[in-house]
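Below: the structure, in structure tokens.
The values are calculated or read from the model by the stated rules, or taken from the named source; none is laboratory data. Small disclaimer: the values here were computed from a predicted structure and weren't measured. Using ideal geometry, Cβ is built from the backbone for each residue, glycine included, and neighbour counts are taken over all protein chains shown.
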Amino acid sequence: MQADLAGPVVRSLAFVIDFSIRCLAMFIIMIAALLLGGNVGWAVWLLFYFLVEWWYPVLFETFRGGQTPGKKAMGITVVNDDLTPVTLGGSLIRNLLRAADFLPSFYTFGLISMTMHPQFQRLGDIAAGTLVIHKAAETSAPSLPDTTPAPPPFELHESEQTAVVELSLRHESLTDSRQQELAAIVAETMGKKPDSALNYLRSIGAWLLGSR
């Protein structure tokens, strides 16, 4: 299995998005803490600061497919170095070591490590055994004609199966007359009249594509 590694630029942009979200959350919490006033307000702010700063990335990466909002916006995700989903332990390690990546100021060590490492791993990734990769685009299932799947009346050769499947998959891009024309070519072989061959071939195509 191969993966497209995410480089320092796209990861930095994802970080900026997540950092902005955390800052906004802390600003809102700070206002609420000021309304409480005194030591209680200060304690509430410190508690939420800890939760937002340290658990924001861990919870998203663990329970949201390795993606914080920033990573999702940039189309990247955290995985283990064997490309399996990141675990809670792995996410904890890589995010706790953000403190080391931050040194001496604003992620200098982290940026240097990502730039020099062949797999763009920062210190936290190296310790946790994680990678940040581009998430493959999700493809929607092909649109099939509205028909009842039916098995072929006899065993079809591979080229014949391919032709029937292609006819079903391209039902939206081919005109009805063209589909009827193609279906008529094999109508006699299938023991069908030309005017009913198309629907029958569509049924076989759906069956070959896994519909039962």
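A few points about this structure:
- The set of residues from region 91-120 being closer than 17 Å to ALA3 by Cα, free of Cβ contacts under 8 Å to residues at least 24 places away in the same chain and touching a helix residue (DSSP H, G or I) at 6+ places or on another chain (Cβ under 8 Å) comprises just one member, HIS117.
- Condition met for ALA33 (over 21 Å from LEU92 (Cα atoms), part of a helix (DSSP H, G or I) and in contact with a Gly (Cβ under 8 Å, 6 or more places away or on another chain)): yes
- THR130 being surrounded by 17 or more Cβ atoms within 10 Å (Cβ to Cβ) and either touching a strand residue (DSSP E or B) at 6+ places or on another chain (Cβ under 7 Å) or outside the structural domain of VAL78 (by TED's automatic domain parsing) (or both): yes
- Residues that are among the polar types (S, T, N, Q) and in contact with an Asp or Glu (Cβ under 8 Å, 6 or more places away or on another chain) were ranked within region 92-118; the one that is modelled with the highest pLDDT is ASN95.
- Filtering region 88-106 to residues that are crowded, with 16+ Cβ neighbours inside 10 Å and in a helix (DSSP H, G or I) leaves GLY90, SER91, LEU92, ILE93, ARG94, ASN95, ARG98, ASP101.
- Test: PHE109 is aromatic (Phe, Trp, Tyr) and assigned to a helix (DSSP H, G or I): yes
One line per residue, one yes/no per condition, for (1) assigned to a helix (DSSP H, G or I); (2) surrounded by fewer than 17 Cβ atoms within 10 Å (Cβ to Cβ); (3) modelled with pLDDT under 80; (4) of a type in the set (A, V, I, L, M, F, W, C):
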site: GLN161; (1), (2), (3), (4): yes, yes, no, no
site: VAL164; (1), (2), (3), (4): yes, no, no, yes
site: GLU172; (1), (2), (3), (4): no, yes, yes, no
site: ILE185; (1), (2), (3), (4): yes, yes, yes, yes
site: ASP195; (1), (2), (3), (4): yes, yes, yes, no
site: LEU198; (1), (2), (3), (4): yes, no, no, yes
site: GLY205; (1), (2), (3), (4): yes, no, no, no
site: GLY210; (1), (2), (3), (4): no, yes, yes, no
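- Any hit, region 69-84, residues being of a type outside the set (Val, Ile, Thr), over 20 Å from the mean Cα position of the chain (by Cα) and assigned to a helix (DSSP H, G or I): no
- Output for region 112-129, where each listed residue is assigned to a loop (DSSP other than H, G, I, E, B) and farther than 18 Å from TRP54 by Cβ: HIS117, PRO118, GLN119, PHE120, GLN121, GLY129
- Within region 175-192, residues that are at positive phi reach partners that are not in a helix (DSSP H, G or I) with beta carbons closer than 8 Å, at six or more positions or on different chains, in the pairs GLY191/PRO153.
- Complete set of residues in region 47-65 that are over 22 Å from LEU24 (Cα atoms) and either β-branched (Val, Ile, Thr) or surrounded by 16 or more Cβ atoms within 10 Å (Cβ to Cβ) (or both): THR62
- PRO145 meets the conditions (1) closer than 18 Å to TRP207 by Cα; (2) modelled with pLDDT under 75; (3) within 34 Å of the chain's Cα centre (by Cα) in every case but one. The failed one is (2).
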